[in-house]
1. Does any residue in the range 264-292 that is closer than 20 Å to Arg479 by Cα come within less than 7 Å, Cβ to Cβ, of a residue that is charged (D, E, K, R) six or more places away or on a different chain, and which pairs are these?
2. Just wondering, is there one or more residues in the range 197-204 that are part of a loop (DSSP other than H, G, I, E, B) and in contact with a Ser or Thr (Cβ under 9 Å, 6 or more places away or on another chain)?
3. For the range 363-371, state whether one or more residues are part of a loop (DSSP other than H, G, I, E, B), over 22 Å from His41 (Cα atoms) and at pLDDT 80 or above.
4. Would you call Glu163 part of a helix (DSSP H, G or I), out of contact with any helix residue (DSSP H, G or I) (no Cβ under 6 Å at 6 or more places or on another chain), among the charged types (D, E, K, R) and touching a residue at least 24 places away in the same chain (Cβ under 8 Å)?
5. From the list Ala56, Ala28, Ala84, Ala43, exactly one residue is small (Gly, Ala, Ser) and within 16 Å of Glu147 (Cα to Cα). Which is it?
6. Which condition does Thr201 not pass, out of (1) over 29 Å from Thr277 (Cβ atoms); (2) under 23 Å from the mean Cα position of the chain (by Cα), if it passes all the others?
7. Which residue is surrounded by the fewest Cβ atoms within 10 Å (Cβ to Cβ), if the candidates are limited to the range 410-433 and must be over 27 Å from Glu398 (Cβ atoms) and of a type in the set (A, V, I, L, M, F, W, C)?
8. How do the pairs read when you match residues in the range 416-428 that are closer than 15 Å to Pro438 by Cα with residues anywhere that are among the hydroxyl-bearing types (Ser, Thr, Tyr) and assigned to a strand (DSSP E or B), using Cβ under 9 Å and keeping only pairs 6 or more apart or on different chains?
Amino acid sequence: MDESGVMPDNHVRIFDTTLRDGEQSPGASLTSAEKIEIARHLARLGVDVIEAGFPAASPDDLEGVRRVATEVGTPDGPIICGLARATQNDIDKAWEAIKDAAKPRIHTFLATSDIHMKHKLRMTREQVVEKTREMVSYAKSFCDDVEFSPEDGCRSDPDFLVEVLGVAIAAGATTLNIPDTVGYITPAEYFELMQKLIRETPGGDGVIWSVHCHDDLGMATANTLAGLMAGARQAEVTINGIGERAGNTSLEEVVMALRTRPTIYNLATNIDATQLTRTSRIVSNYTGMVVQPNKAIVGANAFSHEAGIHQDGVLKHQSTYEIMTPESVGLSQSSLVLGKHSGRHAFRVRLEELGYEMNDEELNHAFNRFKDLADKKKTVTDADIEAVIADEFFGPEEVFRMEGIQVACGQMGMPTATIKLCGPDGKEYIDAAIGTGPIDATYQAINKIVQMPNTLVEFRVAAITEGIDALGEVTVRIRRDANGKRTFGGHGADTDIIVASAKAYLAALNKLLAYTGYEGHEPEGGSATIRIGAAS
């Protein structure tokens, strides 16, 4: 940004939709506390726009967007955006949610492809043009910053797109986004389409053009970069590339492609790349969606070398096989220079450096967890601390809280677990179960108390750091029934992998319970209400 506050021509706005499109990934539902924490990290990362959600989807989603707008949408923070279909009700809800942000934006959309207009909207082209004019004007009556997207734009008639987009500009749209809604287009086609729209749309030289790509054919990042080369100056992306179906364009891939190949793109962003790895881990933990090891930029293997030729080359000169440094994306092995004799002040300073802001009560609680961990481990790393913070403070509402666990297992006997839980009624519940292994026994014991039938569809264990004393992370995903589409993820961290597994399963169950309802609590969705097992 220059002295007049105008962005240079080569600046690309990063529009992050992790909290909206990303959360639409199966099993990626987030609590309000998790949304706020992710939004804070996105702001710290330097994104220009946060699409905080779809307010009309549910009262809970509206409240989540409102909290992001209020707590993160500061004058020096990012634009806070709410998504709305091209209806008055949706736009009203979007404005209600974002109106307290210092820089609010309404993002409205309407399908323009023949297949969507015929089979979904049941509208003619003339009706779509008129609806676009009417609803963009309505959104403009609330705020100056209005974005319009022609849904399924990449399968729409380009000449019809020119007409619709021209009407949107005349009605007040300031950003025009061309979504590849189903991940169908190729980079060469997208480049040509964007050039045509920018060149031929009336008023197109006075708005910001945006690209939004899905990864169904594995070309989301390539398509996004092609759109930027064609003249778009906003990229709509998600952390880790999460999103519906095969996901969205990955924020970290676009940012590092622009940064690593400046002679090709000559484009820049405001992103602090050293925050990429940390933000990736936080989103992965909260959504329960594990990043695959070979994921570009933030995967566990992104900077690993096993082949002898590669190892020899990297040892001689790092650039032989690494086009960017691990440090450039925030991947460091630095340890906290803190131990069991360290004080609260030093601990608070380190938490602030990691991007966590806590009140005194939260700090004391976190410090006690840190002390417990320091007693068990010789070296406590930043990754360990972040895992503990995520585990303690940003999990779901604790309908059931684990008070104690004891497990007996081995080759000579039957794996048995005894679990003590505190229920929503404040009473303690104790039960035991036998399983095929210690974790199965633990889950069976929990099920006997909670009595919420579900199907375990994913279970993952990973060590956060190296060493036999590493903090273990467990991620689980459960489904309410075998044929259901909605899944609920949970995350747990502990030096005891059985304890971490119990925490992760309880976190997932608590999300499921909040959705279905339990004694004394109205359900967010569905209609079932659990009954609780026998109290101790």
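1. Tyr286/Glu34; Gly288/Arg477; Val290/Arg460
2. Filtering the range 197-204 for residues part of a loop (DSSP other than H, G, I, E, B) gives 201-203.
Now narrow it down to the ones that are in contact with a Ser or Thr (Cβ under 9 Å, 6 or more places away or on another chain): none.
No, every residue in the range 197-204 fails to be part of a loop (DSSP other than H, G, I, E, B) and in contact with a Ser or Thr (Cβ under 9 Å, 6 or more places away or on another chain).
3. The answer is no, given that none of the residues of the range 363-371 is part of a loop (DSSP other than H, G, I, E, B), over 22 Å from His41 (Cα atoms) and at pLDDT 80 or above.
4. Values: part of a helix (DSSP H, G or I): yes; out of contact with any helix residue (DSSP H, G or I) (no Cβ under 6 Å at 6 or more places or on another chain): yes; among the charged types (D, E, K, R): yes; touching a residue at least 24 places away in the same chain (Cβ under 8 Å): yes.
Spelling it out, Glu163 is indeed part of a helix (DSSP H, G or I), out of contact with any helix residue (DSSP H, G or I) (no Cβ under 6 Å at 6 or more places or on another chain), among the charged types (D, E, K, R) and touching a residue at least 24 places away in the same chain (Cβ under 8 Å).
5. Result of the check over Ala56, Ala28, Ala84, Ala43: Ala84.
6. Result: Thr201 passes all but (2).
7. Met412
8. Ile419/Tyr429
The values are calculated or read from the model by the stated rules, or taken from the named source; none is laboratory data. Keep in mind the model is a prediction, meaning the values are calculated, not measured. All Cβ positions, glycine included, derive from the backbone under ideal geometry; neighbour counts span all protein chains shown.
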